[in-house]
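Below is one structure; the comments refer to it alone.
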Amino acid sequence: MKTKLRKTTLTAGAAAIFSLVFAGSAQAHCDALDGPVITEARTALEAGDVTPLLKWVPAEDEAEIRRVFADVRKVRGQNETTRDIADRHLFATLVKVHRASEGAPFTGIKPSGQIDPGLMAADAALENGQIDRLVANITRKIEDGIRERYKEARNAQARADQSVEEGRDFVTDYVSYIHYVEGVHGAAGGSEGH
């Protein structure tokens with residue numbers, strides 16, 4: 001007999017896969033110290049050129065980023081503490097404006113080393129011009145997820161009429177399977193309806 005905890009974990013796992021792999025704003029990497037936005041901000045500060053940062057924000061927010069960038073450049077030479085505080089102010093402002101443009105909340109700057117490997121692989125594919133490995137890895141994970149949930153639902157279906165409890169186990173497996181497929185299909189551009 002399967003436990004509710006196991007089912008809840010599997011369902012939560014499926015939801016996590018969708019949110020991490022398919023919904024770009026669900027787990028941002030733009031708010032990480034080693035993410036693309038802050039990495040580019042560091043380079044821009046060293047070069048003294050705000051221009052590369054402007055692509056990360058809507059045109060209507062450009063003036064704010066230019067102002068904060070200029071203010072930070074003025075004070076960052078005072079001492080190391082001032083520099084760190086000023087840089088973090090620019091990072092936070094830039095990320096906050098960028099996240100707002102995605103319709104996502106700003107939840108603070110995240111430490112380095114916590115970017116999802118799938119997102120790192122997506123960035124690497126853009127850098128090296130090679131998408132095949134990323135597609136193969138994601139496709140394999142999706143296929144494995146579908147097959148695992150199908151197998152559990154199919155096995156539970158065979159016992160569903162043996163008792164109410166077995167029937168409920170089947171429904172739990174069925175819902176996990178259907179919602180996983182629905183999420184993958186929706187993310188791939190299929191119908192959104194249930």
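If you plug the beta carbon distance of ARG83 and ARG140 into 1/(1 + (r/R0)^6) with R0 = 35 Å, you get a FRET efficiency near 0.20. Per residue, region 32-103 exposes 54 Å² of accessible surface when a 1.4 Å probe is rolled over the protein heavy atoms with every protein chain present.
Apolar share of the accessible surface for region 43-111: 52 percent from carbon plus sulfur atoms, 1.4 Å probe.
The values are calculated or read from the model by the stated rules, or taken from the named source; none is laboratory data. Because the structure is a prediction, the values reported are computed rather than measured. So basically every Cβ, Gly included, is an ideal-geometry build from the backbone, and we count neighbours across all protein chains shown. Protein only, heavy atoms only, side chains kept; ligands, DNA and RNA dropped before computing areas. Shrake-Rupley method; radii C 1.70, N 1.55, O 1.52, S 1.80 Å.
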